[in-house]
Structure formats: C-alpha cells, structure tokens
1. Scan region 175-182 and give yes if some residue there is touching a Ser or Thr at 6+ places or on another chain (Cβ under 7 Å) and not in a strand (DSSP E or B), otherwise no.
2. I'd like the full set of residues that are among the charged types (D, E, K, R) and more than 18 Å from N164 (Cβ to Cβ), limited to region 186-203.
3. Would you check if there is a residue in region 115-138 being modelled with pLDDT under 95, part of a loop (DSSP other than H, G, I, E, B) and buried (at least 18 other Cβ atoms within 10 Å of the Cβ)?
4. Among the listed residues S166, S195, which satisfies the condition of being out of contact with any Gly (no Cβ under 9 Å at 6 or more places or on another chain), small (G, A, S), over 30 Å from K32 (Cα atoms) and open to solvent by 70 Å² or more (accessible area, probe 1.4 Å)?
5. Which is without any contact (Cβ under 8 Å) to a residue 40 or more places away in the chain and either in contact with a helix residue (DSSP H, G or I) (Cβ under 9 Å, 6 or more places away or on another chain) or under 28 Å from D64 (Cβ atoms) (or both), of Y126, Y107?
6. Mind listing just one residue for me: the one in region 50-83 that is among the small types (G, A, S) and open to solvent by less than 30 Å² (accessible area, probe 1.4 Å) and, of those, farthest from A112 (Cα to Cα)?
Amino acid sequence: MKNLIYLSIVGLLFISCGGGGGDDPAPTPEVKNVAPTIPTLVTPTDNKLCVDNTVAFQWNAATDANKDAIVYQIQVAKDNTFAQIIKTTEASTANQTIALEKNTAYYWRIKATDSKGLSSDYSAKYKFYTAGDAVVNHLPFSPELVEPALNTVLSTTTAALKWNASDVDATDVLTYDVYFGTTNPPTVKIVDNESVKTKDVTLEPAKEYFWKVVVKDNKGGETVGQVWKFKTN
C-alpha cells in the first residue's frame, strides 16, 4: 500500500513538472533580411561643372524594410566604367564632402549596405567636371555606349553602332571619330570628324568585333573612349 501511494505521488510530480507536454509556445518565425533600396543621386547633378574641387555629394537616403542601420559607399572614378576608381568612401548620412583634382572629369555612384551586410545595387552614375584655374575649355566626357550592348551576340549581317556623348561646356560642338574592326584595339577609322552619333557597319558570321569612339570639341579638346565589343553567330 505504501508503495502504491509513493508511485502515485511521483507520477503526479512528473506530470506537473512536465507542463502537460504540448503547451510550449510556438517558435517565432525568422524574419528574412532584405537589402536597402537604391539611393538616388542629387548633387553634383549629371553634367555639372563644379566651381570648386572640394565637392559636396548629396543623395536621397535609402530605406530598409527591417529598420537596419544603413551605411553608404560612394565611388568616384575617372572613367564611366569605374575601372579607374580614385576614391571609395563611406558615410552614415546622405551627404559627404570629398576633395578632388581640379579641371578633371569625374563619375560617381553610390550603394547602400545594411548592418547585416546586405547591399543594394549601385545607383545611376552621374558625371561632373571640377573647374580649374583660368581654364578656358573642358574636355568632353567619355562617350557612352548605346548599342549594340557590350558582349552581345548578333545574328545579322549589318549593325548600327550608336553612342552618346556630352560636354560640360554647353556651347561646344562635338564631332566623332570611330574605329572598328576585328583587332583589339581597332585601328581602322570608319568615321572621321562627323557630328552624327550612329554608323551602319557590315558584319561577317562567326566574328568578334571591336570599336571605339573619339569625342572632339571645336576647341581642340579630345577624349578617347573605351573599346566596346560584340560577336556574330
């Protein structure tokens, strides 16, 4: 009888300490981290001539759905492909001041990174020029590719080469030389000092083509663009 009473007490204690088995709270679902939004550039505006080489950069702040702290990475380069990055800096606010060389064309872009290491894509890229001492003329900006897209593969026997270019000196008249061929860099000039920004070319199958544009202003300024390429089937 004593043994029966003892076992009953132990059983009751086990049930009470076990919490009824199944009353545990459900686990909190994990919140997925998402990247911040892409910042948008404000100043210097695109094609801006800055009066000083100490440049104040400003952008519209990114947002983060997880309310994470955000750090911005600003990149400043001397070419529009950002192969020649001369400055990379970080900021926790939506502005930063950077000292640069005088009388130089620059390109800038920015991305946002949250405190968990997830980053947005880079913003659009803007170009600007720092003023120099008694500078009369500024070189044109590097030409920008329109089409064919870089490394694209074409199935046609002809193509229209298209590009764009600009100059911070708004009154300058721009003309172009275009080099095109199957060697890298291309050496055959197919456009000489023309103002149009397109050129039709004839293609052969199973070839890789290279081309570049030289932008010239009417004051003797000249900027050589990068080499672009595409293939044919």
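The values are calculated or read from the model by the stated rules, or taken from the named source; none is laboratory data. Just so it is clear, the structure is predicted and the values come from calculations on it, not from any experiment. Here the Cβ is made from the backbone with ideal geometry for all residues, glycine too, and neighbour counts use every protein chain on show. Side chains are part of the model used for accessible areas, which takes the heavy atoms of the whole protein and leaves out ligands, DNA and RNA. Shrake-Rupley method; radii C 1.70, N 1.55, O 1.52, S 1.80 Å.
1. No, because not a single residue in region 175-182 is touching a Ser or Thr at 6+ places or on another chain (Cβ under 7 Å) and not in a strand (DSSP E or B).
2. Of region 186-203, the ones among the charged types (D, E, K, R) are 189, 192, 194, 197, 199-200.
Result: K189, D192.
3. Within region 115-138, one or more residues are modelled with pLDDT under 95, part of a loop (DSSP other than H, G, I, E, B) and buried (at least 18 other Cβ atoms within 10 Å of the Cβ).
4. S195
5. Numbers: Y126 fails: without any contact (Cβ under 8 Å) to a residue 40 or more places away in the chain.
The unique qualifying residue is Y107.
6. A77
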